[in-house]
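Read the figures in this text as sums done on the coordinates, not as results from a lab. As the structure is a computational prediction, the values presented were derived from the model and not from experiment. Using ideal geometry, Cβ is built from the backbone for each residue, glycine included, and neighbour counts are taken over all protein chains shown.
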Amino acid sequence: EKGGWSSFMAKEVSEEPEAVANTLRGRIRDGVVAIPELDGLDDLFREVSRIVIIAAGTAAYAGMVGKYALETWARVPVDVDLAHEFHYRDPVIGPDTLVISISQSGETMDTLMAVKYARERGAKTLSICNTQGATIPRESDAIVYTHAGPEVAVASTKAFVAQIAAQYLLALHIALVRGKLSRTEVAQHLLELEAIPEKIQHILDTEQEHIEQFAHWMADTRSVLFLGRHVGYPIALEGALKLKEISYIHAEGFAAGELKHGPIALIEPGQPVFVIVPSPREAPVMHSKVVSNIREIHARGARVIAIAEEGDAAVLPISDEVLRVPLAGAMFEPLLAVVPLHIFAMGLATAKGLDVDQPRNLAKSVTVE
Ligand code: BG6
C-alpha cells in the first residue's frame, strides 16, 4: 500500500535508508560478515579464479558498482555482463568461475537463462535477489537475499541500494577469506557501511525539496547528460536510465574520462550535465580530474549540476547547482550519490504529469527473453 505517498516510487525512495539497513541487519557480528546462507562456501570463495556478475537494467549497474568493491577488496577479477549478452557469445566460464546474478524480482528471463547456462558449464552460481523463493534463487547454488521489502514501482530504487549493500557484504567476506584485507580493515569498512542508512536519510531530509523544485524548473529539458568516474560511473548510467524510464527524456551516462574522447562534442550552451564528484578528501586525484572535466564543460556553456560532498568548495565557481551528499569513504559514495538522481528523475516525471509508477512500455519484471 502507498500509505500517504503520492506514488509507490516516492514511498520506495523514502525507504532507501531502511532497505540498506534491513539488508545489513543481523549480518555483521563482531566486525565480520556473518551470513548464514554463505556457510560452507569459504573453500569456493578461496578457490575461484574469477567472478562474473550477470544482470539486466538497474541491477546490472548495481553489479558494476559491485565489481569495483570485489576487485579492490577481494582482489578477484570481475566481469559484469548483461544477462542477455552473456550466453549468446559462448563466454569463457567453467568450474573456476563464480557467477553472481543480481535481480530484484528473481524472475527476469534473460537473467534466469544466463544462470542456467552458467550452471551447465560447471560454474557455481550465487543469486542476489529481493524476492523470497523466486525462480532465479531456486536455480542457483547459493542465495543472498536483499531485504529491501516489496518494490512496486517499475523503476527500481530501494532494491538498487540494497543490491549494492549486499555485494559489499559479500566482497568484504570474500576479502577476509582470501586474506586480502585484515580483520581490522574489514571491520572499518563494515562500520562505514552501517553508517550509510543514516547518511541517505540525511540527503532525503535536507535535499529532497531542493531537488524536486529544481526538477520542476527543468521540466522542459529535452536531454540530460550524466558524468561519473570510478564507482560514480555506474551511478551516472543509473541516473540516465531512471530519467529515460520515467520521464521519457533523452539521457546518457558517460565515464567522465571518456568526455574528451567523444561526448564533449555534445556540449553546447545550456546543456544540463549532472556530474558525480568524488570526495576531495578520500579520492583527491580523481576529484581533481573530475573538477577539470567540469571546467571543460562549464567553459563551453554546459549547465553543470554537481553532486558533491558537503564542504567541497572547488565545485562552487564552476557549477550552476550543487546537490550535497554527506562525507563517506570513496567506495561508499555510490550509495549516496544515487539518491539525488532518483529524486530528480521522480521530480521531473512528476512535473511533467507522468505516471511515475507505471511508465509506458515497461514492465516490472520481464519474464520473456
Ligand atoms: C526491467 C525493469 O525490465 O528489469 C527494470 O523495468 C529492472 O527496472 C530490470 O532493473 C531487471 O529486473 P530484475 O527484477 O531482474 O532486477
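Here are some notes:
- Among Ile51, Ile267, sorting on how many other beta-carbon atoms sit within 10 Å of each Cβ, with the fewest leading, yields Ile267, Ile51.
- Positive-end extreme of charge dipole, segment 46-132 - chosen from Val80, Gly63, Pro95 (charges on Cβ): Pro95
- Order of His87, His210 under a 10 Å beta carbon neighbour criterion, fewest first: His210, His87
- Using alpha-carbon coordinates, inclination of helix 284-299 to the longest axis of the chain, degrees: 40 degrees
- In straight-distance terms, cross-link reach from Lys180 covers every one of the lysines whose alpha-carbon lies under 27 Å from its own, apart from those fewer than eight places away in the same chain; here that gives Lys67, Lys124.
- Extension reserve of the Glu120-Ala363 stretch, reckoned as 0.36 nm per residue once the Cα distance is removed: 84.6 nm
- Selection from Ala251, Pro263, Pro36 lying farthest towards where the dipole of the chain points positive, charges on Cβ: Pro263
- Cα-based values for segment 89-168, radius of gyration first and Dmax second, are 12.6, 37 Å.
- Average silhouette area of segment 152-229, convex hull of alpha-carbon atoms, in square nanometres: 7.8 nm²
- Relative contact order of the chain, defined on C-alpha pairs under 8 angstrom at six or more residues apart (%): 19 percent
- For segment 170-300, the dipole from Cβ point charges (+1 on Lys and Arg, -1 on Asp and Glu) about the Cα centre works out to 640 debye, to the nearest 20.
- Spherically averaged projected area in nm², based on the convex hull that wraps the Cα atoms of segment 318-361: 4.9 nm²
- Only Lys, Arg, Asp and Glu carry charge here, each on its Cβ (+1 for the first two, -1 for the last two); on that basis segment 59-145 has a dipole of about 180 debye about its Cα centre.
- Proximal charge balance of Ala34 [Cβ under 15 Å; K/R count +1, D/E count -1]: -1
- Surface/4 of the Cα convex hull for the chain, nm²: 17.3 nm²
- Cα-based reach from Lys116 at 20 Å (exclusive), listing aspartates and glutamates while leaving out same-chain residues under 8 positions away: Asp79, Asp81, Glu85, Asp90, Asp96, Glu107, Glu139, Asp141, Glu369
- By average C-beta atoms within 10 angstrom, highest first, the peptides 121-128, 330-337: 330-337, 121-128
- Computing FRET efficiency as 1/(1 + (r/R0)^6) for Leu316 and His261, where r is the C-beta to C-beta distance and R0 is 25 Å, gives about 0.35.
- Local electrostatic count at Glu198 - Lys and Arg +1, Asp and Glu -1, tallied over other residues with Cβ under 13 Å: -4
- Derived from the Cα gyration tensor, the three semi-axes of the equivalent ellipsoid of segment 3-109 are 28, 21, 12 Å, largest first.
- Options Val277, Leu354, Thr108, ranked by Cα towards positive dipole end of the chain, top entry (Cβ charges): Val277
- Only Lys, Arg, Asp and Glu carry charge here, each on its Cβ (+1 for the first two, -1 for the last two); on that basis the chain has a dipole of about 560 debye about its Cα centre.
- Whole-angstrom gap from segment 318-369 to segment 101-130, using each part's C-alpha centre: 26 Å
- Set Lys11/Lys242; Lys158/Lys364; Lys199/Lys289 screened for pairs whose C-alpha atoms are more than 21 Å apart: Lys199/Lys289
- Whole-number D in µm² s⁻¹ for segment 245-318, Kirkwood Cα-pair radius fed into Stokes-Einstein, 20 °C, 1.002 mPa s: 166 µm²/s
- Cα-based helix-to-principal-axis angle, 232-247 vs the chain, degrees rounded to 10: 70 degrees
- Sequence of Glu16, Glu296 once ranked by neighbouring C-beta atoms within 10 Å, starting from the fewest: Glu296, Glu16
- Euclidean distance between Cα centres, segment 147-198 to segment 1-78, Å: 5 Å
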